[in-house]
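Let me begin by presenting the structure, written as structure tokens, before commenting on it.
What follows draws every value from the coordinates through simple rules; no lab data is involved. Predicted model only: the values in this text are computed from it and were never measured. Because the Cβ atoms are built from the backbone with ideal geometry, glycine has one as well, and the counts that use them run over all protein chains shown.
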Amino acid sequence: MSARRHLAGLAVVLAALVIVALFLKRSDVYLLTLWAVYLMATMGLNLTAGYAGQMSLGQAAFFGIGAYIAALLLKASWPFLAVLPVAAIVCFVVGIVVGFPALRVQHHYLAFATLGFNVLAYLAMRNEEAITGGTFGISGIPRPTLFGVDLGGHLAYWYWTLGSLVVLGGLLWWLLRSPWGRAFTALRDNPIRAESLGINITAYTLLAFAIGAACAGIAGVYYASLVEFIEPGPFHFSTSLMMLLAVIVGGSGRFYGPALGTAIVILLPEFLRGSSVPWLKFMQVWYLAFFGIAVIVLMIWLPGGLLSLRERLDRKGGPQ
Amino acid sequence: MNDFIQLIVSGTATGTIYALAGLGFTLLWQASGTINFAQGEFVMLPAFIMLFCMMAGAPLWLAFLLTCAFAMLVLGAGFKKVIVDPLIHHGVIPLVIATLGVAMVLKTVVRAGYSAEAQQFPSSFPAGQFSLAGITISYADVGTLILAAAIVIALQVFVTRTMTGRAMQAVAQNTDAARTLGIDAKRMVLYTFLINAILATVTALLITPTYLAKFDMGESIGLKAFFAAIIGGFNQTRGALLGGVLIGILENLVGFYWSPAYKEGVALMLFLVVILWRPEGLLGTAEERKV
Amino acid sequence: MKLRTLHLVTAALFALATGAASAQQPILISGLVELSGTGATSGTNFDNGAKLAAKEINAAGGILGRKIEYTSSDTQSNPAIAKALAQKAVDAGAYVVLGPVFSGSILVSMEETRRAQVPNFTGGEAAAITEKGNPFIFRTSMTQAAAMPKVARYIQNNLKAKSVDVMWVNNDFGKGGRDMIVKALGAEGIKVGADIPTEPGQVDFSSAVLKAKQSNSDVLFVYTNEEESARALRELRKQAYAKPIIGETTLTGQKVIELAGDAANGAIAHVGLTADAPLAPVKAFDAAFQKEYKAKSDHNGLKGYTAMYFVKVMTERIGKVDGKALAAAMHGAKMTVKDNPGVLMDVTFDNKGDLDRETFMTKVVDGKQVVTDVLPPLGAK
Amino acid sequence: MSDASFLEVRDVRKHYGAIKAVDGVSFAVGPGEIIGVIGPNGSGKTTLFNAILGQIRPTSGSVRFRGDDVTGMSPLELSRRGVGRTFQTLQVFGQLPVRDNLIVAAQEFQGTLPGRLFAAPDAGLGERADEMIELFRLQHVARLPAGRLSYGQQKLIDIAMAFMAKPRLVLLDEPCAGVNPSLVDQLRELLVTLNKTQGGSFVVIEHNMDFIMRLCPHVICMVEGKVLAEGKPADVQANPAVLEAYLGN
């Protein structure tokens, strides 16, 4: 796909997202915004797990850390644009710390180590009541006003989130096209060979974790402000699992994989719920079972995720 | 002092349960390099199958035997054939993800197909307890402990003393070499899957009276089982037992002497310490990083 | 003449048609309930109660001659989803919103119903819900703030205890109750001994029970969800805990008795509304519920059921289907069983949306919940 | 410095319990020299490479490179000092296009880590990569993911990567293994060209005797972890002990 066709396609999709929102109901716009927020976190996870190959099951913890920072600072009347870098930097630093086990262990060990971090973070959110409000959470988180524009309305907040998503996506795109992106892929494909070629695998592993974590932290800020209330529940490790599955189902290590995967995880169940067609109603109860089967089937026949489908078909039909 | 011993005793009883579930993890890993994220659900499903059998009028022992057969067929052979065999050559991660999918399917099937509510489950041991030097011990604790210890020892004996067991171990250590010695590697791997299914059923029989039969009962047991296995040493059968009991006891001590709020974090802390300090586990032997 | 007849007939037909149309147009009531996730048990019961009530009301001719169309959707016990569903219910033009049950969820979703001025009946028990000055929020059960003083008074008067240990589950339900009971015990001059938090889903209660045994207080107050209550009772029995065990709502519930078996015998609990209450309307409800769902309702089932009847009674009282008017009428409303058996017990609402009614002290005897005392409403002196 | 060699391996041993994989090997490589290492399977050649390159830590002995002691240094530090290598088995980055495989092999030697984030996507190495692609005749597959190419093509990429950063010393572990015989001559010519144009010293492990004899002016024969013979290819080949070691197996 040429760069021009790529840009044109992206522009069409973005224009559609901008225009369609005008005709959608309030609740649908809210769901779209929720999708965009989760997408920020899953794009970060795609960098950590998809491009750099570091299997992380702790993304929801960073998401939560960002959300709690936002809740506390926004309630203390900090401007939104000042909260963003704070959340990103804190998560970046914590990400480096959490990345350390990755230097010693790989794959499933790493998955469990990051999952362990997630459980600890969750326990801290529930028990450190003085800071986090414990299980009651923090309510009354304001939505921002930027440059005199009130972003409290559902449409305004959607456009603000979509714009931010595009900026974040652009930054990630640029990062992945830089020599860093190539080094991340080399780290995933073959760390031992990478090291023999002078690639500092320690630095890149930690960076992969930290950048992914920073994205989740930013997503957390948008989440807190969107829902206007947070409690520990959404930052349980099961959210990390869903985020990882979203990346993998969409296509890990593919730039648009998380967008598709997150839509399947966040939007599809709500679509089924809202439907009045009987068999779709049946689906909503069994949704997770079908999703689970889809994951298994994908792993067996299409481990590259849904976005690798065309490539796979090309290769089957091609001369090779 | 009595309190302390009481905590140790009940912690040991809880820990052996973690160990039983963890044992299956290590077996599958050793024999076939399978990491099963659905191990907890492999315990949950037999609990419900036993319930169904009993609702149909079967006594507990018959329900257990029928469920063993079911588990060997579905969670043993079926799991291997449908999920593991097609995926095992693609490395660890796709299989891990697929077993996550299996866990979701099993949970949803039980929840949507049967009930989201906890169901009670009869104990295999007589109710009641006895006191020994001021410490209360229930018959169920003693029974669980003895049965779990017996299973671990029996498994150890089977693996080291019998022909089939030694063949299984040979396959676990070096599949190719075992094959050249004329061992039917495929059959040995199948045996480990069958043993894992039976272990899961036994675990279900032992824990469901306290855990209660519920679709999500596998979540915590699966996690603890994995931590137990890693802490003890992933490539050692005894490791899971040590890891499980260590977690059980420490959880109780932390819950009592420090704060119950962080009790659930104990296994994780121990796990993080172990993988940073001794990644092969307390009893495990180091595996060279492959070039 | 002919023409006039024709006119008359058309007019009559027209009137009939429009009348019929408005009678047939159903009243939309949306349920936001926890059908999956941690709150699945509570939400499912609440939902079943509401469904049962809607069915009964429709069978008896509906509200003001219009049928109820009740649709429920699953919040997955997740506040962000609850908020989306509340918006969806409002968008769909719901007359009233029922649920969610979880306090965390209702605190988020009630902002949406308030903005749209749709009355919202919740199963949540956290004190904060009605402290925000939201004129559209109404409870379906007594708050912890109202229930705990009754428990404390009972401990003082009937059990003559000087000190109490508190074992609670660390979620919004347990933590809220724990804060309230500590306050209420303090007001009665009773000392709080060991303060024992437990985790949701906790299995091993040995260290928690040991703590209670060691502190040697006169009474143990247990405030956990159903499954954990059952496990706690078993461990207490195992370690031969001899002091009175008292709880609130859950401890003597049907599910706990079923799960704990013998170990539940002797447990005492204050219950706001129970399917075992010795009252004719409640017994009728109990029978109907069991027939419909093959299971016994917990207190959440009664919450959903009565909420639907509150809507019916008050809508007929104001004589029109108007959300704003309904909310206004609810404040200070009083409903009696004599006139409306569906509300199950006499009930009054205050101007914050809190309700008040009689409550019960119950005890488990031979595996059955038995009502030992009827406590008057707080407001009745 | 005149006596001190470019690379000097002195009495390196690597023992695994009772097994002596490498048992006291010493040799030296001068600037621009090409040295061949031969020996039957299991004679410890690859273990020796790994011990020199920091992949494993030698039990005893020392390795000096350009006068500095580099014993036990990590592969990363060694690569920084200008030591490159290839592996016995194929080691390309399968999902990266061929051109990116070559660029990634040298990009870490350009500028600083933060600087590379803001550098041009090809890190200024596009031209160099195209040169190598031309040299190795890979133009027609330059944009395809390396993992999709034939084994022989991947092997060429693998070797080209080792030379991208213009290393001072390259250790090649069986460059001919699995390569189509018709390509072997081409490969030898490539290595000679690279040695002439880029300079640098090579150490080559290889089983293909013809290849080694024609490429390397100096050959070491290892047997059971020890150096059995050393010298001109023809002399080593004619050494009766060497013959016996090969035939005896």
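See the values below:
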quantity	calculated
C-alpha center-to-center spacing [region A:53-114, region D:190-211] in angstrom	49
Choice from A:255, A:117, A:290 showing the highest fluctuation, given a GNM over chain A with Cα pairs closer than 10 Å	A:290
Rg over Rh [alpha-carbon atoms, Kirkwood Rh] for chain D	0.97
Calculated FRET value between residue A:129 and residue D:77, using beta carbons and R₀ = 60 Å, to 0.05	0.80
Most mobile of C:340, C:120, C:48 in a GNM of chain C (Cα contacts under 10 Å)	C:340
Chain B: most fluctuating residue of B:178, B:197, B:71 per GNM, C-alpha cutoff 10 Å	B:178
Shielding by partners - mean other protein chain Cβ count within 10 Å, residues of B:223-234	2
Residues residue A:309 and residue B:127, FRET efficiency given R0 of 56 Å [Cβ-Cβ distance, rounded to 0.05]	0.45
Distance in nm between pseudo-label sites at residue C:115 and residue A:16 (7 Å out along the Cβ direction from Cα)	2.7
Listed residues C:371, C:351, C:301: farthest to the positive end of the dipole of region C:254-381 (Cβ charges)	C:351
Hits among lysines - C-alpha to C-alpha of residue C:294 under 17 Å, sequence gap 8 or more where chains match	C:51, C:55, C:255, C:283
Given charges at beta-carbon only (K, R positive; D, E negative), |dipole| of chain B in Debye	600
Size of electric dipole in region C:308-381: Cβ of Lys, Arg +1 and of Asp, Glu -1, about Cα centre, debye, nearest 20	160
Cα-Cα over 29 Å, subset of A:25/C:324; C:160/C:368; C:243/C:368	none
Separation between Cα centres of region A:146-209 and region C:306-381, rounded to whole Å	56
Residues residue C:328 and residue C:216, FRET efficiency given R0 of 41 Å [Cβ-Cβ distance, rounded to 0.05]	0.20
Computed over region A:1-153: relative contact order in percent, which uses C-alpha pairs under 8 Å that are six or more apart	21
Over chain D: helical MRE at 222 nm, DSSP H runs n ≥ 4 each giving -39500 (n - 2.57), nearest 500	-10000 deg cm²/dmol
222 nm mean residue ellipticity, helices alone, for chain A (DSSP H n ≥ 4; -39,500 (n - 2.57); rounded to 500)	-24500 deg cm²/dmol
Footprinting exposure proxy for D:27, C:136, C:121 (fewest neighbouring C-beta atoms within 10 Å first)	D:27, C:136, C:121
Fewest-first sequence of A:38, C:241, C:309 by Cβ atoms within 10 Å of each Cβ	C:241, C:309, A:38
Least to most buried among B:277, A:180 (fewest other Cβ within 10 Å first)	B:277, A:180
Dipole of region B:157-263, positive direction: furthest Cα of B:212, B:195, B:227, with charges on the beta-carbon	B:195
Helical contribution to [θ] at 222 nm, DSSP H n ≥ 4, -39,500 (n - 2.57), averaged over chain C, rounded to 500	-14500 deg cm²/dmol
Under 13 Å, Cβ to Cβ, from residue D:22 - net charge with Lys/Arg +1 and Asp/Glu -1	+4
17 Å cut-off, amide nitrogen to a point 7 angstrom out along residue B:85 Cα→Cβ, residues in region A:292-309	A:297, A:300-301
Cα centroid separation, region A:233-256 to region D:137-170 (Å)	34
Cβ charges +1 (Lys, Arg) and -1 (Asp, Glu), total dipole of the protein assembly as shown, debye	1760
Options C:140, C:328, C:29, ranked by Cα towards positive dipole end of chain C, top entry (Cβ charges)	C:328
Relative contact order for chain C, counting Cα pairs under 8 Å that sit 6 or more residues apart, in percent	16
